[in-house]
1. Could you tell me which of the pairs Lys147/Lys181; Lys394/Lys457; Lys183/Lys262; Lys373/Lys394; Lys428/Lys473; Lys255/Lys428 are separated by over 28 angstrom between their Cα atoms in the structure shown?
2. Projected area of region 278-321, taken from the Cα convex hull and averaged over every viewing direction, in nm²?
3. Which sequence of Arg201, Arg210 reflects their accessible areas, 1.4 Å probe, from the largest down?
4. So what J values fall out for region 299-311 if you push phi through Karplus, 6.51 cos²θ - 1.76 cosθ + 1.60 with θ = phi - 60°, rounded to Hz, Gly and Pro as x?
5. Would you mind counting up the charge near Trp182? Only other residues with Cβ under 13 Å from its Cβ, with Lys and Arg at +1 and Asp and Glu at -1.
6. For region 344-419, what class follows from the C-alpha gyration tensor (a ≥ b ≥ c being the square roots of its eigenvalues): rounded when a/c is under 1.5, otherwise prolate if a/b is larger than b/c, else oblate?
7. When the chain is fully extended, how far beyond the present Cα-Cα distance does Arg81 get from Glu211, taking 0.36 nm per residue of separation?
8. Quote the accessible area belonging to His12 in square angstrom, nearest 10, computed with a 1.4 Å probe and with ligands, DNA and RNA left uncounted.
Amino acid sequence: MLMRRYAEHLSHNFVKGQSSYSTGSGQLKTNVKVEVHFMLPQFSTSTTISHDVNLIEEGQDFGYDMSIGRDILKALNIDLRFSNGTIVWDEMVVPMKEYYGNDDPRDLKQAEVFALLAQSAEPKATHDMTKRMVEIQDASYEKADLKEVCQKATNLSESEQAELYKLLVEFEELFDGTLGKWKTEPAKAELKEGAKPVYQRHYPIPNINREAFHREIECLVDLKILEPTAESQYGSPAFIVPKPDRTVRFVTDFKRINSMVKRKPFPILRIGETLQSLQGFTWASTLDLSMGYWTIELDPETKDMTTITTEFGKFRYNVLPMGFVISSDVFQAKVMELLGHIEGLRCYLDDILAMTCGTFAEHLQQLRLCFEKLREAGLKVNIKKCNFGVTEVKYLGYIITRDGIKPDPKKIQAIVDLARPTTVTDMKGFLGMVQFYRDMWQRWSHTMLHPLIESCKVGKGKTPIQWSTDLIKSF
């Protein structure tokens with residue numbers, strides 16, 4: 001629907017016809033409709049949409065100048081994702097906004113509304129963007145306040161806090177907030193036989209996020225994570241995804257190049273089995289390596305393979321990137337070589353769990369051995385994500401206590417709150433979440449989940465799920 005005053009210049013194209021709509025502002029009536037051309041500038045300032053809209057007469061104030069209905073959303077494949085507060089169109093993502101912010105949207109000037117209504121059209125771009133999106137957290141380069149860290153360890157006595165502080169001060173260079181550099185051989189990737197360089201053009205970035213995307217690239221270049229390149233024959237598109245805190249995630253789609261690179265698998269610990277072997281501890285601490293992957297350099301040929309394409313030019317990674325096919329295997333192998341021999345330490349990529357069945361002094365000695373190895377390797381620790389000397393700890397989706405392990409209630413609640421899947425793709429996503437805790441179930445695949453698993457065999461992708469009584473009971 002559109003307020004009529006914005007379409008008077010199209011009066012010669014008006015089509016008469018009465019319609020009535022129920023809205024939050026009451027019942028609205030329209031007498032004419034017309035085809036208009038408009039833009040959604042937060043997504044794109046060049047793409048124009050053509051669609052029939054019903055015109056609202058003056059005096060019927062419904063709080064907006066224009067309202068996009070479900071018919072347009074469906075026609076354009078616009079996805080409103082209330083689960084994470086985003087709107088997705090043509091694989092571009094923008095955050096939802098409150099109706100009232102610092103400026104009342106009702107004060108929008110008429111000229112600004114007319115600016116959204118255009119007279120030309122452009123085909124909608126389509127891209128096969130990877131579903132394997134990997135988050136890269138924003139870096140916060142601040143030196144840690146070690147005394148404050150120890151004071152927040154409220155489960156420790158004052159004397160235990162003092163001993164912990166003494167240990168952290170001894171290794172304070174680990175917690176200076178900078179990006180470490182692993183003193184190890186550069187990572188090297190090998191192409192499969194017959195594979196040739198692959199290049200993909202860049203993805204469009206929503207207009208609302210262009211500046212943030214550009215700043216993110218400049219930041220990564222300043223940190224020497226990326227470097228400009230013009231010679232590389234490779235190219236994988238990069239894009240950003242808004243995060244709930246209104247910052248962005250920098251993501252690279254390595255899907256094409258990943259299919260051409262040899263993977264040399266290194267065993268990554270099964271989370272459930274690992275944690276079940278750690279019951280009966282007395283003290284535990286968790287450590288998070290700062291920007292773990294980015295501490296490992298790449299050899300020159302591999303740098304070229306990781307070249308990214310953007311509208312601001314081509315760049316290549318100097319360090320091991322998230323999402324690259326060799327990254328997790330290389331990192332896990334190196335971290336196990338460095339720390340795997342320390343008793344009571346468990347390493348899952350850059351998440352380290354230290355558990356002791358002895359005294360607090362013995363636990364500090366265990367941490368000392370770990371810190372010594374990290375310092376020798378040139379690594380850093382993100383102390384904001386660490387927990388020291390606890391008797392109950394969240395780790396990789398579980399809560400570990402002295403009495404045993406249990407699922408994280410927040411993750412369980414997230415599963416409980418999920419809507420009933422409507423397609424095969426949705427059902428597979430649901431099963432993936434549920435099966436995260438499969439090691440804690442008995443006969444999980446043959447009882448509760450069996451009907452749900454079978455429902456995925458009816459088709460692929462958007463094939464509808466047929467909800468039977470047994471399926472509803474299982475769900």
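The values are calculated or read from the model by the stated rules, or taken from the named source; none is laboratory data. No experiment lies behind these values; they were computed from the predicted model shown. Please note: Cβ atoms are built from the backbone with ideal geometry, for glycine as well, and neighbour counts cover all protein chains shown. SASA here: full protein model, heavy atoms, side chains in, ligands and nucleic acids out. Shrake-Rupley method; radii C 1.70, N 1.55, O 1.52, S 1.80 Å.
1. Beyond 28 Å between Cα atoms: Lys394/Lys457.
2. 5.3 nm²
3. Arg201, Arg210
4. Once rounded to whole Hz, the list reads 6, x, 5, 5, 4, 4, 4, 9, 4, 10, 10, 9, 6.
5. +1
6. It comes out oblate by the Cα gyration axes.
7. 44.5 nm
8. 140 Å²
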